[in-house]
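Visitor: Please see the structure below; I have some questions.
The values are calculated or read from the model by the stated rules, or taken from the named source; none is laboratory data. For clarity, every value in this text was computed on a predicted model and none was experimentally measured. A quick note on method: Cβ atoms are made from the backbone with ideal geometry, for glycine too, and the neighbour counts reach across all protein chains shown.
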Amino acid sequence: MWSLPPLVANDAAGRSVAVIELHEEEERVSTSISVTPKIPTLRAVDHVAFTVPDLESAVQFFVDHFGAELAYRDGPFFDSESDGMTRRLNVAASARCSIAMLRLGKHLNLELFEYEVDGQAVTPPRNSDVGGAHLAFYVDDVDAAHAYLATIPGVTLQEGPNGVAADAPVAGQRWFYFSTPWGLQLELTTSVGTGFYEGLPGARMAPPSEEWR
């Protein structure tokens, strides 16, 4: 369990930032992990996917503001003869869906789904809800990125940019959350220290590419 008391401090440039300090209340779980996957022939992450209320506007949002490239569209998919949609996609048998696959940067494929189905939940989960999720992007100038996002109609900015504690595994990180006009949670983050968390546990993360594309 972690407690997250907000603090205020100044970063290296003298800016006032919110700081989150993590206090461990239970023993830390083991960090030793196997780097050899047990799934046969596994070698890459292929894509991440989100369900959106309107496929066209979601595609346009990522194209306009993130430089996404539309790889393809497909669908609609449905099965009027059986419960194939349930068996294959874990949705109602009557569901119909269309998809768009976007490429963002060098390594991320983002698949967007739009479903038509009775009884669909239309309120996105909060980050504290089971199934809550967010997608984070790395930027070099988090203040400039924050200022740009503030100009986009429908985007909701959470508090930030925030800092982290000086003894955090990612000391020097600055970050903030925001949500798209349809409620998808996203994050922008950066490392203001030397390299990518050089000399810290955070350096074991996969680093950002040197350029977007």
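Visitor: Could you tell me which numbered condition Val29 fails, if it satisfies all but one of (1) outside any loop (DSSP other than H, G, I, E, B); (2) at pLDDT below 50; (3) closer than 24 Å to Met205 by Cα?
Guide: So Val29 meets the others, but not (1).
Visitor: Name, by its number, the condition in (1) at pLDDT below 95; (2) loosely packed, with under 12 Cβ neighbours inside 10 Å that does not hold for Arg15.
Guide: (2)
Visitor: Are there any pairs, at least 6 apart or on different chains, whose C-beta atoms fall under 9 Å, with the first in region 46-59 and in a helix (DSSP H, G or I) and the second of a type in the set (Asp, Glu), and if so, which?
Guide: So the pair list comes out as Leu55/Glu114; Glu56/Glu114; Ala58/Glu114.
Visitor: Turning to a different aspect of this structure: Cβ-Cβ below 6 Å, separation at least six or inter-chain, first residue in region 117-138 and under 23 Å from Tyr197 (Cβ atoms), second charged (D, E, K, R): which pairs?
Guide: His134/Glu187; Ala136/Glu187
Visitor: Quick check: anything in region 53-73 within 30 Å of Ala144 (Cα to Cα), of a type in the set (D, E, K, R) and modelled with pLDDT under 95?
Guide: No, the conditions are met nowhere in region 53-73.
Visitor: Continuing with the same structure: May I ask you to say which residue of Gly183, Gly131, Gly195, Gly154 is closer than 30 Å to Met85 by Cβ, exposed (fewer than 12 other Cβ atoms within 10 Å of the Cβ) and either within 17 Å of the chain's Cα centre (by Cα) or outside the structural domain of Asp74 (by TED's automatic domain parsing) (or both)? Can you show your working first?
Guide: Numbers: Gly183 fails: exposed (fewer than 12 other Cβ atoms within 10 Å of the Cβ); Gly195 fails: closer than 30 Å to Met85 by Cβ; Gly154 fails: closer than 30 Å to Met85 by Cβ.
Criteria check complete, one pass: Gly131.
Visitor: Here's something else I'd like to know. Looking only at region 168-180, how many residues end up being surrounded by 19 or more Cβ atoms within 10 Å (Cβ to Cβ), over 22 Å from Leu55 (Cα atoms) and not hydrophobic (A, V, I, L, M, F, W, C)?
Guide: 3
Visitor: Mind checking which strands (runs of 3 or more DSSP E) fall wholly inside region 156-206 and carry at least 1 residues that are touching a Gly at 6+ places or on another chain (Cβ under 9 Å) and of a type in the set (S, T, N, Q)?
Guide: 173-179, 185-191
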